[in-house]
Structure formats: C-alpha cells, structure tokens
1. For Ala219 and Thr251, FRET efficiency with R0 = 25 Å and r from the beta-carbon atoms, rounded to 0.05?
2. Can you give the local net charge around Tyr129? Use residues other than it whose beta-carbon is closer than 12 angstrom to its beta-carbon, Lys and Arg +1, Asp and Glu -1.
3. Amide H to amide H, which residues 5 or more places from Lys132 or on other chains are under 5 Å from it, using H placed in the peptide plane?
4. Excluding Lys101 itself, what net charge comes from residues whose Cβ is under 12 Å from its Cβ, given Lys and Arg +1 and Asp and Glu -1?
5. Provide the net charge surrounding Lys195, with neighbours chosen by a C-beta distance below 12 Å and charges set as Lys +1, Arg +1, Asp -1, Glu -1.
6. Using just the helices of the chain, give the 222 nm mean residue ellipticity in deg cm²/dmol: DSSP H runs with n ≥ 4 each add -39,500 (n - 2.57), and the total is spread over all residues, rounded to 500.
7. May I ask which of Lys155/Lys252; Lys78/Lys195; Lys144/Lys164; Lys54/Lys195; Lys78/Lys173; Lys85/Lys124 have a Cα-Cα span longer than 29 Å here?
8. Non-local amide H neighbours of His179 (under 5 Å, H modeled in plane, Pro and chain starts lacking H): which ones?
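The values are calculated or read from the model by the stated rules, or taken from the named source; none is laboratory data. Please read all numbers here as calculations on a predicted model, not as lab measurements. We place every Cβ from the backbone using ideal geometry, glycine too, and count neighbours over all the protein chains shown. Remember, those area values only see protein heavy atoms, side chains included, never the ligands or the DNA or RNA. Shrake-Rupley method; radii C 1.70, N 1.55, O 1.52, S 1.80 Å.
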Amino acid sequence: MKNIFIYLLFIFSFVTQSVFASDIKFVQVTDSHYSRNNEYSEKILKAAVKDINKIDGLSFVVFTGDNLNRPNEEDLIKFTNIVNKLNVPYYIVIGNHDVFKSNGLSKERYLEIIRENNILFRQKTPDYYFRKGEFGFIIADGAKEIIPGANGYFKESTLNYIDKQLSKHKKQKIVIFQHFPLVEPYESKSHNTYKAEEYINLLNKHSNVIAIISGHYHANGEKMQDGVYHISSPSLLQLPHQYKLIDINITKGFSPMIYTQLREVTVEQ
C-alpha cells in the first residue's frame with residue numbers, strides 16, 4: 001500500500017509540473033551580412049536555412065540585425081527570398097548595416113520590402129511585439145537610419161514602447177530581441193550602446209523580462225545581470241559560421257531555465 005501511495009504521489013507531482021510548465025525553442029541568426037555580390041555569403045545563408053530546417057520543434061527564427069552587409073533593396077529582396085524557405089515563421093531586427101535613409105533604404109521601406117516578399121510578415125514598425133504560447137517577445141530597434149553608425153541608440157519612443165509592452169503583458173515572461181547588446185561580450189567604445197543605463201533603469205522597473213538576445217559584436221557572450229540573462233551571439237558570416245539554438249523552460253515556482261547551443265553551419269565548397 002505504501003509503495004502504491006509513493007507511486008501515485010510521483011505521478012501527481014509529474015503531472016502537476018507538466019501542467020504548470022512552459023517550454024519554447026527557437027533559433028537566433030545574427031550578422032549574416034548578406035550580399036548578392038558575395039557568393040560565399042549566399043552559400044552560408046542558404047546552408048544555415050537548410051540546417052535550421054532539420055531541427056524539430058522550433059517555434060520561429062529571429063534575425064537580430066546586420067542581415068545585409070550594405071543597405072541595398074536588391075540585396076534585401078534576395079535575402080528575403082532565401083530565408084522564406086524556412087519551415088517556421090521568422091522575425092526581423094534591423095541592424096546598423098541594414099538601413100541608410102539618404103541612400104533610399106529607410107526602416108519603413110526595409111520592412112515594406114520584407115512584407116512585399118513574405119505575406120506572413122506583417123510588421124510595419126521596427127519596434128513590435130509578438131506572442132508564442134505563454135511567452136511574449138519584443139523586437140527593440142536601436143539602429144540609426146539618418147547617420148548610420150556602430151553605436152546603438154534606443155530612442156525615447158522605443159524605450160516608451162518597451163515600457164508599455166512590459167506593463168501590458170506583466171503576467172508573461174518576456175524575451176527582448178535587439179541588435180545592440182546592453183551587456184557587452186567585450187568592451188568596445190566604438191560599438192557600445194548610447195545611454196544604456198537609461199534602458200537598464202527601465203528594465204529594473206519590471207520583473208517579467210527573462211532575457212535580452214542580441215548580436216552586433218560578432219562574439220559569443222552570456223551573462224546574468226539583475227535577473228536578466230543577456231545573450232550575445234557570433235556572426236553567421238564569420239568562421240566558424242554559427243547560429244544559436246535557444247530553449248527556454250519555465251516551471252511554476254522555479255526560476256526560468258535557458259539553454260543555448262551554438263550550431264556550426266557546414267558550407268559546401
């Protein structure tokens with residue numbers, strides 16, 4: 001009888017944890033620096049798409065900026081046509097290499113081109129929110145389109161948007177995607193984020209952000225700061241051609257568990 005009770009208690013505990021558990025798996029690709037005039041960059045991007053499509057259970061893919069090497073409409077169309085072959089939805093972050101308004105590729109036009117070539121992509125502004133299951137995701141734009149540069153700049157309008165979304169979805173666990181990290185994988189004055197402390201102070205007002213995922217530095221780095229897991233990832237274009245697989249598990253009563261794995265892309269010569 002005692003053994004039966006223990007067995008039933010184990011089953012009840014397992015079922016209870018399953019009911020109150022949330023899990024999501026997605027891929028981050030960053031700094032692909034695609035150019036239609038660079039055959040090798042095209043091979044790498046196509047190989048990454050092919051490899052990602054082999055992964056079971058993915059919810060989506062996010063490209064966290066510098067998707068192009070230079071702001072060019074034809075490159076963006078070709079980039080979109082390649083990543084449209086993904087088996088899951090994808091989301092786009094704009095990086096400092098992606099836009100230059102004076103050169104004809106503003107943020108508005110950038111997103112318009114993606115919508116024109118992918119009917120499933122409906123975002124019209126560079127800051128946006130989407131939800132998958134019990135998780136909320138925010139795309140935060142820190143790129144400059146007037147005078148592009150390597151330093152991130154999150155405008156007041158973007159910070160206000162983040163603040164509003166975190167308040168609106170305060171019962172959700174939130175992940176923020178952006179090109180420019182708040183916590184650098186290494187120190188660089190030429191690449192850091194302008195007035196990052198204002199952004200960090202905003203985050204400290206809320207308790208539902210579990211991770212901020214970025215690129216830009218072409219380097220791998222992961223650090224917990226004030227309860228937020230800051231994840232930076234290497235460039236897809238540079239050797240050894242990697243992207244990041246991220247799995248997040250939340251069980252009620254426990255801290256979120258975030259697992260990351262760098263996957264190397266093999267490029268056929």
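1. So the FRET efficiency works out to roughly 0.20.
2. Working: positive: Arg131, Lys132, Lys164, Lys168; negative: Asp127.
It works out to a net charge of +3.
3. For Lys132, the qualifying residues are Phe137.
4. Numbers: positive: Lys107, Arg109, Lys144; negative: Asp98, Glu108, Glu145.
With Lys, Arg at +1 and Asp, Glu at -1, the neighbours total 0.
5. Details: positive: Lys155; negative: Glu156, Glu197, Glu198.
Overall, the nearby charge balance is -2.
6. Working: 6 runs with 75 residues, N = 269.
Mean residue ellipticity, 222 nm, calculated: -8500 deg cm²/dmol.
7. On the way: Lys155/Lys252 35 Å; Lys78/Lys195 35 Å; Lys144/Lys164 22 Å; Lys54/Lys195 40 Å; Lys78/Lys173 34 Å; Lys85/Lys124 22 Å.
Over 29 Å apart, Cα to Cα: Lys155/Lys252; Lys78/Lys195; Lys54/Lys195; Lys78/Lys173.
8. Those qualifying (amide H under 5 Å, at least 5 residues apart or on another chain) are Gly142.
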